[in-house]
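In what follows, a structure is listed as structure tokens, so that the remarks can point back to it.
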Amino acid sequence: MSELTVTADSRVLAQLVLTLADGSVAESTRVNNKPALLTLGDQSLSPKLEAELMGLTVGSQHKFSLAAEDAFGPTNPDLVQYFSRQAFLDAGEPEVGTIMLFGAIDGSEMPGIIREVSGDSITVDFNHPLAGHDISFDIEIVEINPVLEEQNENLTG
């Protein structure tokens, strides 16, 4: 039997360490030993990131860097929005750096980061927190196409 490899429609459990250009670690799944689930082919990952994962096998370790536009995208100024303090009455006093969930028009929720609190104006950034950053990836493939507990629940529920 041939070993499973990452393909265009794989789900991959992977340990990740993401490092910024200044050498600081932006994200590490190794801290809590909770691998991330990456789904190829669903538009959640950039094409260049997916290309780096293709052909890897369980146990593979791969280090590579991507420019901002190929990692989490450039910062989009249209995703920075301004709200009045009134909009935050139920949520309490907003603090810079806090990540909050906001209801979208379609009923889904989007995370936004409070960037500035000035008088009656609250600036919220809906860009991915790593957008606009060149990222170095250190990835170890833990499992390919894992059976997920949620899938079983969805089938019965």
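The values are calculated or read from the model by the stated rules, or taken from the named source; none is laboratory data. Since the model is a prediction, treat every value here as computed from it, not as a measurement. Methodologically, a virtual Cβ is constructed for each residue, glycine included, from the backbone with ideal geometry; neighbour enumeration extends over all protein chains shown.
Which condition from (1) outside the structural domain of Met54 (by TED's automatic domain parsing); (2) touching a Pro at 6+ places or on another chain (Cβ under 7 Å) is the one that Gln15 breaks?
Status for Gln15: all satisfied but (1).
How many residues are exposed (fewer than 13 other Cβ atoms within 10 Å of the Cβ) and either within 18 Å of the chain's Cα centre (by Cα) or aromatic (Phe, Trp, Tyr) (or both) if we restrict to region 64-81?
1
Got at least one residue in region 115-126 being over 14 Å from the mean Cα position of the chain (by Cα) and part of a loop (DSSP other than H, G, I, E, B)?
Checking region 115-126: at least one residue is over 14 Å from the mean Cα position of the chain (by Cα) and part of a loop (DSSP other than H, G, I, E, B).
So which residues in region 8-36 are under 21 Å from Asn145 (Cα atoms), loosely packed, with under 15 Cβ neighbours inside 10 Å and in contact (Cβ under 8 Å) with a residue 24 or more places away in the chain?
Result: Ala8, Asp9.
Does region 61-68 include one or more residues that are over 26 Å from Pro146 (Cα atoms), free of Cβ contacts under 8 Å to residues at least 60 places away in the same chain and either in contact with a helix residue (DSSP H, G or I) (Cβ under 8 Å, 6 or more places away or on another chain) or outside any strand (DSSP E or B) (or both)?
No, the conditions are met nowhere in region 61-68.
Residue by residue through region 82-138, note down the ones that are more than 30 Å from Phe64 (Cβ to Cβ) and polar (S, T, N, Q).
Ser84, Gln86, Thr98, Ser108, Ser118, Ser121, Thr123
I want to confirm something. Restricting to region 41-57 and keeping residues that are in contact with a strand residue (DSSP E or B) (Cβ under 7 Å, 6 or more places away or on another chain) and surrounded by 13 or more Cβ atoms within 10 Å (Cβ to Cβ), which single residue is modelled with the lowest pLDDT? Working first, answer last.
Here is the first cut: in region 41-57, the ones in contact with a strand residue (DSSP E or B) (Cβ under 7 Å, 6 or more places away or on another chain) are 45, 48-49, 52-53, 55-57.
Keeping just the survivors that are surrounded by 13 or more Cβ atoms within 10 Å (Cβ to Cβ) gives 45, 48-49, 52-53, 56.
Values: Leu45: 92, Lys48: 96, Leu49: 96, Glu52: 97, Leu53: 97, Leu56: 97.
Applying the filter and picking the extreme gives Leu45.
So which pairs qualify, if the first residue must be in region 108-124 and more than 16 Å from Leu79 (Cα to Cα), the second must be of a type in the set (Val, Ile, Thr), the Cβ gap must be under 8 Å, and the two must be at least 6 apart or on different chains?
Pairs found: Val117/Val96; Val117/Thr123.
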